[in-house]
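> Below: one structure in structure tokens.
The values are calculated or read from the model by the stated rules, or taken from the named source; none is laboratory data. The structure displayed is predicted, hence computed values, not measured ones. With ideal geometry, Cβ positions are generated from the backbone for all residues, glycine too; neighbour counts draw on all protein chains shown. Remember, those area values only see protein heavy atoms, side chains included, never the ligands or the DNA or RNA. Shrake-Rupley method; radii C 1.70, N 1.55, O 1.52, S 1.80 Å.
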Amino acid sequence: MPARQRSEGPGPRRRLAPEARRAQLLAVAEDVFARLGFQGTAVDDIAAEAGVTRTLIYKYFADKDEIYLECVRVAREALDGAMVSAAAQHDAPEQQLRAGFHAYFGFVRDGGSKWDVLFGGGAAATGSVADAAAAFRYQTVEVITALLRAGAPKLAEDAAMTYAHAISGAAEQAAKWWRRNPDTSIDTLVERMMDVLWAGLEKIAAQHA
């Protein structure tokens, strides 16, 4: 897709410190990837949206792949951090799970373009980029695995990993449904997830405490 044309060109830009400029370019790229998808986005699109030249973008990033993967990393860290922080406020496994779901769906509701980069059209990468993005995705599963084993210390790691993948997949699909049915409240969505998952996890937690 060709870059959008601006009638007056990028124009003068405000000088920013290198880290601030890099963060600004990532924020713009996140929005562009979310809207156009990985395949539909070119560096020219990001430059046009940011009001800068391609040359400036290449001062900070080697190519589009690096920009995209950095957007994925930032989004993943935000999601994982929210879940861990929420679960850490509770001691009982049931409340940890409920808090984790609240944080997850809160990210879906409030994260906007970050969610789309991770799970929407922006996630349609291929090849080595897709492999690298998948590695970030498995980090989220590892976070869930650690939370499960904290509540059930005797649970084998491979079993915890299996359950973590099931939880992650269920939450992702529920979130995609919720994006199309936003009238459902976050509290209702969380309780539906608890209804489906907690009965089995409660048994697992009790057996492996």
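So that you can scan it fast, the table gives a plain yes or no per residue for (1) open to solvent by 60 Å² or more (accessible area, probe 1.4 Å); (2) within 14 Å of the chain's Cα centre (by Cα):
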site	(1), (2)
R109	yes, yes
K114	no, yes
R149	yes, no
Y163	yes, no
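> Now for a separate question. Among residues belonging to region 35-58 that are touching a Lys or Arg at 6+ places or on another chain (Cβ under 9 Å) and of a type in the set (G, A, S), point out the one that is most open to solvent (accessible area, probe 1.4 Å).
A42
> Specify which of the listed residues (R179, R98) is within 25 Å of L26 (Cα to Cα), assigned to a helix (DSSP H, G or I) and in contact (Cβ under 8 Å) with a residue 24 or more places away in the chain.
R179
> Determine, yes or no, whether V32 is modelled with pLDDT of 90 or more and either buried (at least 20 other Cβ atoms within 10 Å of the Cβ) or part of a loop (DSSP other than H, G, I, E, B) (or both).
yes
> Then there is this: Check off (1) without any contact (Cβ under 8 Å) to a residue 60 or more places away in the chain; (2) on the phi > 0 side of the Ramachandran plot for A42 and give me the number that stays unchecked.
Here A42 clears every test but (2).
> For region 148-159, which positions are among the hydrophobic types (A, V, I, L, M, F, W, C) and either farther than 11 Å from H208 by Cα or part of a helix (DSSP H, G or I) (or both)?
L148, A150, A159 - these are the residues of region 148-159 that are among the hydrophobic types (A, V, I, L, M, F, W, C) and either farther than 11 Å from H208 by Cα or part of a helix (DSSP H, G or I) (or both).
> Additional query: List the residue pairs whose Cβ atoms are under 9 Å apart, where the first residue sits in region 140-151 and is farther than 12 Å from L201 by Cα, the second is open to solvent by 30 Å² or more (accessible area, probe 1.4 Å) and of a type in the set (D, E), and the two are 6 or more positions apart or on different chains.
From residues that are farther than 12 Å from L201 by Cα, the pairs are T145/E157.
> Kindly indicate which of E19, E8 is at pLDDT below 95, assigned to a helix (DSSP H, G or I) and open to solvent by 20 Å² or more (accessible area, probe 1.4 Å).
One residue alone meets the criteria, E19.
> Something else: For E202, all conditions in the list (1) crowded, with 16+ Cβ neighbours inside 10 Å; (2) over 22 Å from the mean Cα position of the chain (by Cα); (3) in a helix (DSSP H, G or I); (4) touching a residue at least 40 places away in the same chain (Cβ under 8 Å) hold save one; what is the number of the exception?
Here E202 meets the rest and fails (1).
> Looking only at region 134-147, which residues are open to solvent by less than 30 Å² (accessible area, probe 1.4 Å) and either outside any helix (DSSP H, G or I) or more than 24 Å from A86 (Cβ to Cβ) (or both)?
Of everything in region 134-147, nothing turns out to be open to solvent by less than 30 Å² (accessible area, probe 1.4 Å) and either outside any helix (DSSP H, G or I) or more than 24 Å from A86 (Cβ to Cβ) (or both).
> Further question on the same structure: Would you mind stating whether A160 is touching a Lys or Arg at 6+ places or on another chain (Cβ under 7 Å), over 15 Å from C71 (Cα atoms) and among the small types (G, A, S)?
For A160, the condition - touching a Lys or Arg at 6+ places or on another chain (Cβ under 7 Å), over 15 Å from C71 (Cα atoms) and among the small types (G, A, S) - is met.
> Something else about it: Report whether or not E172 is open to solvent by 60 Å² or more (accessible area, probe 1.4 Å), assigned to a helix (DSSP H, G or I) and either touching a residue at least 24 places away in the same chain (Cβ under 8 Å) or on the phi < 0 side of the Ramachandran plot (or both).
Criteria not met by E172.
> Looking only at region 116-133, count how many residues are surrounded by fewer than 20 Cβ atoms within 10 Å (Cβ to Cβ), of a type outside the set (A, V, I, L, M) and part of a helix (DSSP H, G or I).
5
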